[in-house]
1. Considering every Cα-Cα pair within the chain, what fraction, in whole percent, is farther apart than 33 Å?
2. List the chymotrypsin sites (Phe, Trp or Tyr not before Pro) within segment 131-174 that DSSP assigns to loop and that have no more than 14 neighbouring Cβ atoms inside 10 Å.
3. Give me the percent of accessible area attributable to carbon and sulfur for the chain, probe 1.4 angstrom.
4. Simple spin-label model, 7 Å along Cα-to-Cβ: residue 134 to residue 56 in nm?
5. Extension gain residue 84-residue 66, at 0.36 nm per residue separation less the Cα-Cα distance, in nm?
6. Looking at the chain as a GNM with Cα springs under 10 Å, which of 212, 18, 60 has the largest mean-square fluctuation?
7. Which residue, chosen from 10, 49, 145, occupies the Cα position most advanced towards the positive end of the dipole of the chain, where the dipole is computed from +1 (Lys, Arg) and -1 (Asp, Glu) charges on Cβ about the Cα centre?
8. For residue 55, which lysines qualify as cross-link partners when the Cα separation must be under 25 Å and same-chain residues fewer than eight apart are set aside?
Amino acid sequence: MIPTMEVSEMMGLIEEVDLLVLSAMQQDLTQQKIMPLLDESSCPGTRISRDEKNKRITVDYGEGCVSNRGLEKKGILTISYTANFLHKGSQLTIGFENFSLNGKQMEGQRKLENKGYQTESRSLRFASEAINFQLTNSNRQKFTINQSYIRDLQLSTEYAGFRIYLSGSGTLSTDDYSKTSFEIVKSIVFLQECMESGVPAPSEGSMQLISDKNEKILINYDRDGCLLNHPE
């Protein structure tokens, strides 16, 4: 079965990508911003170009840069959108051109859809989908990811930063391991303070991994602060 740390790292990197996209989408907004989102304009040399006519944004990290949070980015992200991303029903399609994050190459497309503001939890809900998305790790292992998530972005308060709550399921496969299915049993949580410290890994929640031989592993995330410990 695919190692649990590999699964955790891939999940964290994908969350980072979606935060990059949401940050880029609101760069020119003067009102209705999600505050505070992580500022991704700090990466030296980044070029953001907008084609309002064709509803397309290009974020070019060139040959590589390192953000103030210590994340290494390289290549190009393209974002196609149907409307203001804060409007319920708006959709984003994310494309990757020679893009890598912390040395992990990503290929394919991801789609986000705004499902609206959730009043009780003070969160903005997005549906997230990836089909045959490719991620290559530092050992040149290529993973194919299929996933369907519901992501609740709980807005920050004067007492705490934003929180990301994930639910959903999917599959991971690679030539080196058996195909692995995963299902989030208890919402996976990412904390603003940990992501700001350059630790894109879950802080709370649990997820079950199931191999194609029906072997099962339950991963419990319960980290002390923002230390990157191995999940249980």
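1. Taking all Cα-Cα pairs of the chain, the fraction more than 33 Å apart is 12 percent.
2. 159
3. Here it works out to 44 percent.
4. Calculated label separation equals 2.1 nm.
5. Result: 3.6 nm gained on full extension.
6. Result for the chain, Cα springs under 10 Å: 212 fluctuates most.
7. Positive-most Cα among the choices belongs to 49.
8. Cα-Cα hits under 25 Å: 33, 73, 74, 88, 111, 115.
The values are calculated or read from the model by the stated rules, or taken from the named source; none is laboratory data. Computed from a prediction, not measured in an experiment: that's the story for all the values here. Reconstructed Cβ throughout: ideal geometry from the backbone, glycine too, with neighbour counts over all protein chains shown. All accessible areas refer to the heavy atoms of the entire protein, side chains included, with ligands and DNA or RNA removed. Shrake-Rupley method; radii C 1.70, N 1.55, O 1.52, S 1.80 Å.
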